[in-house]
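The values are calculated or read from the model by the stated rules, or taken from the named source; none is laboratory data. Bear in mind the structure is a predicted one, so any value in this text is a computation, not a measurement. In this analysis, Cβ positions are derived from the backbone assuming ideal geometry, glycine residues included, and neighbour counts consider all displayed protein chains. Keep in mind that these areas ignore ligands, DNA and RNA; they rest on the heavy atoms of the full protein, side chains included. Shrake-Rupley method; radii C 1.70, N 1.55, O 1.52, S 1.80 Å.
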Amino acid sequence: MTGEHHTIVVGLTGQTGAGKSTVSEIFVNHGFSLIDADRIAREVVEPGMPCLAELFDYFGDGVRNPDGSLNRKALAKIAFTDKRKLESLNSICYPFITEEIFRKINQFAEQDCHFILLDAPTLFESRASDFCDMIISVVANPEIRRARIMMRDNITEESAKERMNAQLDEAFFIQHSDYVIHNNGNLKQLSELSGEVADKVKIYLSN
């Protein structure tokens with residue numbers, strides 16, 4: 001998104017368990033300002049927010065904690081096992097999330113930040129990809145991803161598979177991205193590859 005302040009937005013997305021968060025940290029270390037869509041997604045469902053009220057209205061008291069906050073585990077159990085419910089969840093949340101993303105992009109532009117990294121697991125689904133000048137996806141083999149998800153979220157193999165199946169497939173990410181980072185190796189390899197891509201992107205988009 002090159003505008004008055006010559007700000008460029010790079011979208012970072014990919015499969016769950018592929019290592020996107022690690023790649024995001026590396027890009028920040030290489031001079032990118034970060035917009036974390038996951039953090040925004042948590043903020044828009046905090047108590048008192050209109051998005052949360054809409055979720056309670058649609059999904060009912062089964063996803064409401066006694067203190068009025070969102071029961072994320074209960075919501076995930078519903079959404080990741082029913083495609084139609086997942087689509088409804090997304091249709092409720094995405095407008096609030098994308099509005100905040102756009103606000104933050106403008107805020108960074110006003111601060112004269114030249115390179116913004118939009119870290120968004122649902123970059124394509126939410127249409128936040130429309131904000132981006134370039135898109136990078138992180139992918140990995142299913143077996144590796146499944147093990148990472150189980151360890152990261154402390155969930156069963158079945159639950160991990162449900163989350164993986166709820167996402168777009170690897171072919172989609174590859175087809176719709178300018179760069180694809182394959183993370184099937186160790187952290188050192190990922191750090192070196194991601195750093196190289198970050199520098200290449202900055203050089204390419206600066207020309």
Which listed residue is small (Gly, Ala, Ser), within 25 Å of residue 131 (Cβ to Cβ) and modelled with pLDDT of 95 or more, from 69, 24: 24
Kindly list the number of the only condition in (1) more than 17 Å from the chain's Cα centre (by Cα); (2) more than 23 Å from residue 89 (Cβ to Cβ); (3) surrounded by fewer than 20 Cβ atoms within 10 Å (Cβ to Cβ) that fails for residue 155. (2)
Just give me the residues in the stretch 66-78 being of a type outside the set (D, E, K, R), open to solvent by 40 Å² or more (accessible area, probe 1.4 Å) and not in a helix (DSSP H, G or I), in sequence order. 66, 71
For residue 131, are the conditions met, namely being in contact with a strand residue (DSSP E or B) (Cβ under 9 Å, 6 or more places away or on another chain), open to solvent by 30 Å² or more (accessible area, probe 1.4 Å), in contact (Cβ under 8 Å) with a residue 60 or more places away in the chain and among the hydrophobic types (A, V, I, L, M, F, W, C)? yes
Check on residue 115, open to solvent by less than 60 Å² (accessible area, probe 1.4 Å) and at pLDDT below 95: no
Filtering the stretch 84-103 down to residues that are open to solvent by 60 Å² or more (accessible area, probe 1.4 Å) and within 15 Å of residue 125 (Cβ to Cβ) yields 84, 85, 87, 91, 95
Sole residue being out of contact with any Ser or Thr (no Cβ under 6 Å at 6 or more places or on another chain), closer than 26 Å to residue 192 by Cα and open to solvent by 20 Å² or more (accessible area, probe 1.4 Å), chosen from 81, 22: 22
